[in-house]
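Contents: one structure, followed by commentary.
What follows draws every value from the coordinates through simple rules; no lab data is involved. For clarity, every value in this text was computed on a predicted model and none was experimentally measured. Cβ coordinates were reconstructed from backbone atoms using ideal geometry, including for glycine residues, and neighbour counts include every protein chain displayed.
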Amino acid sequence: MLTRILLISALLIGCSHTPRHTSQDASHPARLRVVNGSTAPLWIFYQNGAGGGTMSAPHQIQLAGGGHYDYPIPDRGIAGTRFWAGSGCDSTGNNCQIGQSGGPASQGFTCPSYGCAPPIDSKFEGTFGCLASVPVAQCQPNPSDPHHHPLPRQDGWDTSMVDGFTLPFRVRVIGNCPGGPTSNTIDCTTLPASQCPGAENLSTNGLFQTLVTEPMALVNPQTLALAGCYSDCAKLTFSQWSGLNYTPSSAQAQMYCCPTPPISPGACRQGPVASTGYTALVHRTCHQVYAYSYDDGTGLFSCPAGVRYEVTFYGPQ
């Protein structure tokens, strides 16, 4: 699950509710604050990649409506983190209606009897760099660096929807970040899973007629409730729930997943994935976020280590 987000550290080498905007204190000291922007409880989940460091924070935490949690990002940095939200969960943060995509059992994650959801969650993921106040020798080693050089003095992060999405969200950058999003904000508060394409054409320009009208909604097989929206690549390649279980390099999926090689970035951008209903939905409702691999829109951001982030998740629409 964390393979793709560890690429961020590699690149650095060198509950239906109407969303309500929270007005959190812009002077909060935490490098990362996660907020529940709805009136109902949400569970917030956290993982990070092997070898990327540790953080003294729970892997599952419940936030009451309007509540927040400040994650103690280590000054020495931490690589390959992933944060996402779940709703409709039990008292232990499991058996969620939305966001039950699993994780290591040693960290308290479980799967329901009918299987975990595919990892298409709306998320904040990235690598937090080493603060300037920390001597280089004490900075966290970069697990993506073959020579184990320390993490740099900058963060790399994204809110990619290459896999899909579940809940609306917003990210605010607090501080000076020339490599950050426009207006220091990514606003996906009107991201509507209810408008997920009902009949996506994934036929690769007519080559595979059985894939002309694919439903993209992620539906909980136990409750039959809407749980999110597949991206085009995820629908074709994930095996969980209603995924089709092709490989990314298969003829049916390669023009939507764009593995390189054989699909070049230019061929991907000129291919069918650039004009699907899913891509149009993300571009319309969630600017500055990748809808597919090699999407032309800005999706990966870099900020000086020490910049602060406020990530707000909302209830489903």
*Tabulate in residue order the Karplus-calculated ³J(HN,Hα) for the stretch 216-222, using 6.51 cos²θ - 1.76 cosθ + 1.60 with θ = phi - 60°, rounded to whole Hz; enter x for Gly and Pro.*
9, 5, 8, 10, 5, x, 8
*Once the piece of chain linking residue 269 and residue 39 is laid out straight, how much longer is it, given 0.36 nm per residue of separation minus the C-alpha distance between them?*
78.8 nm
*When DSSP beta bridges are limited to those with both residues in the chain, what percentage is antiparallel, rounded to the nearest 5?*
90
_If I take every Cα pair under 8 Å that is 6 or more residues apart in the stretch 193-285, average their sequence separation and divide by the length, what percent do I get for the relative contact order?_
22
*asked:* If you take every residue apart from residue 304 with its C-beta less than 13 Å away from the C-beta of residue 304, what net charge results, scoring Lys and Arg +1 and Asp and Glu -1?
replied: +2
*Return the whole-Å distance between the Cα centroid of the stretch 297-317 and the Cα centroid of the stretch 202-248.*
27
*Mind giving me the FRET efficiency for residue 250 and residue 136? R0 is 45 Å, r the Cβ-Cβ distance, nearest 0.05 is fine.*
0.50
*Rounding to the nearest 20 debye, state how big the charge dipole of the chain is about its Cα centre with +1 on each Lys and Arg Cβ and -1 on each Asp and Glu Cβ.*
260
*Amide H to amide H under 5 Å from residue 67: which residues, 5+ apart in sequence or cross-chain, H placed 1.01 Å off N in plane?*
36
*Where does the charge balance sit around residue 242 when Lys and Arg score +1, Asp and Glu -1, over other residues with C-beta under 15 Å from its C-beta?*
-3
*Which one of 156, 196, 133 is farthest out on the positive end of the charge dipole of the stretch 121-237, using unit charges on Cβ (Lys, Arg +1; Asp, Glu -1) and the Cα centre as origin?*
133
_Net charge of Cβ neighbours under 11 Å - reference residue 269; Lys, Arg +1; Asp, Glu -1_ = -2
*Can you list residues whose amide H is under 5 Å from residue 164's amide H, if they're 5+ apart or on another chain and H is modeled 1.01 Å from N?*
231
*From the phi of every residue in the stretch 163-177, what ³J(HN,Hα) in whole Hz does the Karplus formula 6.51 cos²θ - 1.76 cosθ + 1.60 yield, where θ is phi - 60° and glycine or proline is x?*
9, x, 7, 10, 10, x, 7, 9, 10, 10, 9, 10, x, 8, 9
*If you count, for each residue, the other Cβ atoms within 10 Å and average over each peptide, how do 284-290, 311-317 line up from highest to lowest?*
311-317, 284-290
_Theoretical ellipticity at 222 nm over the chain - DSSP helices of four or more residues, -39500 (n - 2.57) apiece, nearest 500_ = -2500 deg cm²/dmol
